[in-house]
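Since the structure comes first, as structure tokens, the remarks are kept for the end.
Laboratory data are not the source of any read-out in this text; all were calculated from the coordinates shown. Since this is a predicted model, take the numbers as computed values, not measurements. Note that each Cβ is placed from the backbone with ideal geometry, even for glycine, and that neighbours are counted across all protein chains shown.
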Amino acid sequence: MAKKTVASTTYGQVRGTIEEGVAVFRGIPYAKAPVGALRFAGPVPPDPWEGERTAVAYGPAAPQPRPDGLAGELFGANHPTGEDCLSLNVWTPDPAAEGLPVLVWIHGGAFLFGGSGDQLIDRAAFARSGIVVVTVNYRLGLDGYLYLDGDPAGGNYGTLDQIAALHWVRENIAAFGGDPAAVTIAGQSAGATAVCALLAAPPARGLFARAIAQSAYPEPLLSPESGRIIRRELQTRLGVDEGDIEALRAVREQDPERVSAVLAELFADVAGRDAERFGPEIAALMNPLMPIVGGPVVPQRPVAAGRDGRLAEVDLLIGTNHDEFRIVFALGMMTVDDATVDAVFEATFPGRGGEALAVYAEDRPDASKVDLLAALETDRSYRVGSTLLADAHADHNPGRTFGYRFSWPSAAFGGAVGAAHGVELPFVFDALRTPMGEALTGAEAPQRLADDIHRAWVSFIATGNPGHDDLPEWPAYDSRTRPVLEFAAAHRVVRDPSGHELAQWRDPASGGQPALPDREAESV
């Protein structure tokens with residue numbers, strides 16, 4: 001019997017298509033176009049329509065500059081952008097089914113790039129595994145995260161878009177075979193950081209049951225003061241007077257290409273870690289426009305909310321890649337010399353930079369200084385914050401937190417990137433044999449590893465436990481021993497991997513004590 005290709009939503013009917021046995025519905029609006037008075041404002045539900053709306057093409061991704069070179073190929077939107085960007089897409093094994101688990105994927109891209117049609121992943125793979133998949137476009141850059149004093153949103157328009165999409169899922173996913181009470185939110189990089197913000201967002205409570213954060217950077221998100229610094233910087237570069245939001249709105253509407261160019265320049269300047277110009281918090285961050293803490297949308301940083309027991313009480317799968325930052329240096333996105341490496345270590349660990357450098361070199365006897373800097377930046381950008389969040393979540397949700405580390409070294413780029421940022425994505429989405437998958441992993445990446453990782457994600461989405469019989473027994477994470485499942489040529493459980501390196505980092509909230517004390521790592 002043929003699968004149905006028409007589904008009824010609260011706003012009207014949509015007609016999708018069948019692709020390789022999976023029903024696909026693309027470009028479904030969940031909010032009005034955020035233009036005019038709706039720019040720099042929370043999302044508004046779309047107008048209903050009569051008859052069937054064709055849903056076979058992606059809606060526009062959010063307006064954005066295009067990253068140069070390979071970054072643009074791997075992480076760009078890969079389809080047209082436009083103002084009417086608040087849409088989502090659904091892949092379902094069977095729209096006539098009932099009670100299927102649901103995955104809501106939030107794309108990455110530094111809160112500046114990307115879209116819901118990312119070619120690096122294969123959404124249909126999860127649908128073939130019995131999961132209803134939803135991918136979401138949301139506002140990016142200036143439109144998504146401009147901090148405005150006195151605005152109840154606190155600058156978190158992109159986060160409010162994601163919450164609006166989750167409300168749409170709650171109201172409509174049953175029409176596509178999904179269970180609104182079995183929703184998992186997931187993302188990678190900025191998408192994973194968005195997941196962390198949603199964990200700490202009271203307006204998102206009850207809209208999801210599980211969360212997956214792949215290579216998140218949840219510490220720190222922006223403070224309101226940093227948001228003001230970035231707003232003033234943008235207004236200066238765009239020739240807009242401080243506080244004249246109407247003029248800023250007009251520039252954004254009338255000259256979007258100029259705004260995109262200014263945003264790209266600002267991101268490049270912040271990536272240069274110009275602490276004197278932007279302040280230490282912004283200099284330590286990867287992005288100048290991202291979720292902002294302190295208002296009703298995200299009242300606390302995720303780690304602080306976790307320590308206070310105020311994160312969403314959900315199942316959490318969280319982890320990072322062994323060599324996140326190596327791709328930046330291996331592909332020439334950033335060049336440094338040995339003296340710069342020494343200076344960065346000293347600035348990061350004042351008075352003990354040489355000592356910390358020696359600790360990082362201990363397990364890497366053949367590493368160059370640039371390799372050691374890549375390890376440092378992997379920890380700064382991803383592993384420290386993810387570990388702190390895992391600790392906090394596990395302390396208040398025992399048995400509901402699972403940690404992983406992806407350590408399979410990519411054969412692409414002559415093997416120079418290792419288990420770099422994003423390399424796990426083709427494994428998670430069982431997309432090794434796609435052009436983008438091969439570009440990131442090489443032509444001979446092991447399908448068995450993809451089978452094991454994809455199956456673990458499917459198990460977690462369906463049950464809250466990622467373990468299965470082709471993996472070692474995967475214990476729940478706890479903050480005392482920090483067990484994680486290491487995905488590699490031979491999987492293993494490791495307790496507090498590289499804990500002696502993480503122990504170098506200090507926690508201002510605890511009087512400068514180690515944020516991540518060494519737990520004497522061991523394999524089991």
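What shape does region 351-460 take by its C-alpha gyration tensor, where a ≥ b ≥ c are the square roots of the eigenvalues and a/c under 1.5 counts as rounded, a/b above b/c as prolate, and the rest as oblate?
Details: a/c = 2.85, a/b = 1.16, b/c = 2.46.
Oblate, because a/c is 1.5 or more while a/b does not exceed b/c.
Computed over the Cα atoms, what is the radius of gyration of region 238-337 divided by 2.2 N^0.38 Å, N being its residue count?
Details: Rg = 18.1 Å, N = 100, 2.2 N^0.38 = 12.7 Å.
Dividing the Cα Rg of region 238-337 by 2.2 N^0.38 Å gives 1.43.
If R0 is 25 Å, what FRET efficiency do you get for residue 480 and residue 363 from their C-beta distance, rounded to 0.05? Mind dumping the intermediate values first?
Working: r = 23 Å, r/R0 = 0.90.
About 0.65, to the nearest 0.05.
About the Cα centre of the chain, how large is the charge dipole given +1 on each Lys and Arg Cβ and -1 on each Asp and Glu Cβ? Please answer in debye to the nearest 20. Spell out each step's value before the answer.
Numbers: 43 positive and 69 negative charges, 224 e Å.
Its charge dipole is roughly 1080 debye.
Considering only DSSP beta bridges whose two residues both sit in region 326-523, what percent are antiparallel, to the nearest 5?
Working: 8 of 12 bridges.
If I count the DSSP bridges inside region 326-523, around 65 percent turn out antiparallel.
222 nm [θ] for the chain, helices only, -39500 (n - 2.57) per DSSP H run of 4+, per residue, to 500? Please report the intermediate quantities before stating the final value.
Values: 20 runs with 181 residues, N = 524.
Helices in the chain give a 222 nm mean residue ellipticity of -10000 deg cm²/dmol.
So what's region 1-312 giving for Rg/Rh, alpha carbon basis, Kirkwood Rh from the mean inverse pair distance? Kindly include the intermediate steps, with their values, before the conclusion.
Numbers: Rg = 18.9 Å, Rh = 19.6 Å.
Ratio of gyration radius to Kirkwood radius for region 1-312: 0.97.
Can you give the Rg to Rh ratio of region 326-523, both from alpha-carbon atoms, with Rh computed by the Kirkwood formula? List each step's numbers first, then the result.
Working: Rg = 17.6 Å, Rh = 18.1 Å.
Reported Rg/Rh, Kirkwood definition of Rh: 0.98.
Explain nothing, just the number: dipole magnitude of region 385-499 about its Cα centre with +1 on each Lys and Arg Cβ and -1 on each Asp and Glu Cβ, in debye rounded to the nearest 20. The partial results should precede the final answer.
Details: 9 positive and 14 negative charges, 33 e Å.
Dipole magnitude for region 385-499 comes out near 160 debye.
If exposed means no more than 15 neighbouring beta carbons inside 10 Å and the site is in a DSSP loop, what's the longest run of the chain without any exposed GluC sites (Glu not before Pro)?
Numbers: sites that count: 20, 50, 98, 242, 313, 444, 473, 520.
Excluding the exposed sites themselves, the longest stretch runs over 99-241.
Quickly work out the residue 57-to-residue 444 label distance, labels modelled 7 Å from Cα along the C-beta direction, and quote it in nm with one decimal.
4.2 nm
Where both partners of a DSSP beta bridge lie in the chain, what percent of those bridges are antiparallel, to the nearest 5? Please report the intermediate quantities before stating the final value.
Values: 24 of 60 bridges.
In the chain, DSSP labels about 40 percent of beta bridges as antiparallel.
Could you list log10 I(q)/I(0) for region 422-472 at q = 0.17 Å⁻¹, which the Debye formula gives when each Cα is one point scatterer?
-0.49
Taking Cα centroids, how far is region 109-144 from region 469-499 in Å?
Region 109-144 and region 469-499 have Cα centres spaced 28 Å from each other.
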